[in-house]
Amino acid sequence: MASAVPSEDEILRAVERHVSQRGVPVDLRAPGAAKVSWQSLFEFHVHRSIERRHERQAREKGSPADIATRPTYTDLAAYPVAPPADPAKTYRTRLVREGTVDEEPCDGCVGGRTTCGTCKGRGGMPCPADVECEGCHGGVDACWECDGTGTPRTRRARAGSRPRGPDAPERVTCRRCKRRDVACPTCRGRTMTTCPDCDGTASTPCEECKGSTRTVHVPCGGAGRFTVWTEGVVAHLPDPDEVRLTGPQFAWLKTDALGAWMRAELTGVTDALPDFLEDAHRELIAGHLPARKNEVRRRMTFAYLPLARVEVRGRPDSVYYAFPAVTGIEVARRPSRERVTALVWAAAAVAALVVVVSLTVLR
Ligand SMILES: [Zn+2]
Ligand SMILES: [Zn+2]
Ligand SMILES: [Zn+2]
Ligand SMILES: [Zn+2]
Ligand SMILES: [Zn+2]
């Protein structure tokens, strides 16, 4: 519900109540007792949607699943596209120019596959056929007679050098020197065992191509071809603009939270502006009202909060601000910027209006 602009009388009564709560009752409506100047707050936002149409050469790997069902056109400029629902958002309608869909073979592969880069087309990676025995670690324990060399030392040199404890594993016949009861049971004197990874083949399958020597060609997605066509794009791009007459010096008033703002929203370029606008506001936004080139939709929002600045005779240290709030007229006191004399306060107060006009064009 839009509240009405309070009268000067209502403003003064509210300030009277505010001042009386802190001490002496005052009558501000007596001639010359107070001076009211209006510094109303105003915000205007306009979101325009600007339409742009262009063509581009499109190229996608394989065959895009929906290419046959996309809408087609012959004259992009004449193709009807509804204005966007929300002018603050970006929309793109993608169209296919009739008769331009074609296929191109991929020149970087054969049938969508190329030689595996990991194994260089070998299908496998080199791997040792044999690995060190886990039982004897390839050391002298491989065989107490020949150390895994196949050439036994003299029995004399090693006799009794390896007494077998009660928990020691059984020794077996050495496959190298053929002596009994001397070799590591795991490798039987060989010092090495067959590699479990490649099972002795000296090659493991390439993890990339799983041994097939070829991999999917990424650029064409393994399709071996591309689909090309002429694409028409109808873009609806937001083009926001705003005018604010809400000086940052009023942030302490908490008008955003407390104020009973009058608000209106319009969507038509020629719509009549809200009645609550002051003439100064109409002048401020006049330059933002005409339709821009290729504008297909707009949304304008207006927000207005009457704000009165009240100076009270005999209280040069204070300035009072009053504005309509949901609960009535809100009054707040501020120390005046400088001590003004009784003579000077009668002069016109300088309105500290800050106009922020920012023009942002998003692409
Ligand atoms: Zn390819
Ligand atoms: Zn490979
Ligand atoms: Zn041996
Ligand atoms: Zn061994
Ligand atoms: Zn291996």
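Here are the numbers for the structure shown:
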| quantity | calculated |
| --- | --- |
| Accessible-area composition of the stretch 22-127, carbon plus sulfur, in percent [1.4 Å probe] | 51 |
| At R0 = 56 Å, FRET efficiency that the Cβ-Cβ distance of THR301 and VAL216 yields, to 0.05 | 0.60 |
| Contact order normalised by residue count of the chain, Cα under 8 Å, 6+ apart, percent | 30 |
| Residues of the stretch 216-247 with amide N under 12 Å of a point placed 7 Å along Cα→Cβ from THR118 | 216 |
| Candidates GLY108, GLY200, GLY222, ranked by Gaussian network fluctuation over the chain, Cα under 10 Å, top entry | GLY200 |
| Computed P(r) (all Cα pairs; the chain; 10 Å bins; percent) | 5, 14, 12, 10, 9, 8, 8, 8, 8, 8, 6, 4, 1, 0 |
| The chain - Cys residues lacking any other Cys C-beta under 4.7 Å | CYS109, CYS195 |
| Accessible area (Å², 1.4 Å probe, nearest 10) - TRP261 | 30 |
| Estimated 222 nm signal from helices in the chain, with DSSP H stretches of n ≥ 4 weighted -39500 (n - 2.57), rounded to 500 | -2000 deg cm²/dmol |
| Point-charge dipole on Cβ atoms (K/R +1, D/E -1) for the stretch 1-125, about Cα centre, debye to 20 | 600 |
| Partners for LYS120 among aspartates and glutamates (Cα-Cα distance below 13 Å; same-chain residues under 8 apart left out) | GLU207, GLU208 |
| Within the stretch 3-50, trypsin sites (Lys or Arg not before Pro) in DSSP loop having at most 10 other beta-carbon neighbours inside 10 Å | ARG22 |
| Those aspartates and glutamates that a straight Cα-Cα span of less than 19 Å connects to LYS210, excepting residues fewer than 8 apart in one chain | ASP197, ASP199 |
| Quotient of C-alpha Rg and 2.2 N^0.38 Å, computed over the stretch 264-312 | 1.44 |
| Cα centroid of the stretch 166-241 to Cα centroid of the stretch 109-139, whole Å | 6 |
| The stretch 219-336 pair-distance distribution - Cα-Cα, 10 Å bins, rounded % | 10, 28, 23, 15, 9, 7, 5, 2, 1 |
| Rg to Rh quotient for the stretch 172-226, alpha carbon positions, Kirkwood Rh | 1.48 |
| Signed unit charges on C-beta, dipole axis of the chain, positive-most listed residue VAL326, ALA223, VAL233 | ALA223 |
| ILE50 accessible area, assembled protein chains, probe 1.4 Å, Å² | 10 |
| The stretch 188-270 - Kirkwood radius from inverse mean 1/r over Cα pairs (Å) | 23.0 |
| Leading residue at positive end of dipole, the chain (Cβ point charges), from GLY268, GLY32, THR115 | THR115 |
| Convex hull volume per residue in cubic angstrom - Cα atoms of the stretch 1-65 | 261 |
| Tail weight of P(r) past 25 Å, computed on alpha-carbon pairs of the stretch 47-205, percent | 65 |
| Accessible area (Å², 1.4 Å probe, nearest 10) - CYS109 | 20 |
| Solvent-accessible surface ranking, highest first, for LYS178, LYS89, LYS293 at 1.4 angstrom | LYS293, LYS178, LYS89 |
| Gaussian network model of the chain, Cα within-10 Å springs - most flexible of HIS236, HIS137, HIS288 | HIS137 |
| Difference of contour (0.36 nm per residue) and Cα-Cα distance, THR204 to ARG70 | 43.5 nm |
| Stretch gain in nm, segment ASP27-ASP271, where the contour uses 0.36 nm per residue and the Cα spacing is subtracted | 83.4 nm |
| Rounded to 10°, Cα long-axis angle of helix 8-21 versus longest principal axis of the chain | 70 |
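The values are calculated or read from the model by the stated rules, or taken from the named source; none is laboratory data. Only a predicted model underlies this, so the values are computations on that prediction, with no experimental measurement involved. A quick note on method: Cβ atoms are made from the backbone with ideal geometry, for glycine too, and the neighbour counts reach across all protein chains shown. Quick note on the areas: whole protein, heavy atoms, side chains included, nothing else; ligands and nucleic acids left out. Shrake-Rupley method; radii C 1.70, N 1.55, O 1.52, S 1.80 Å.
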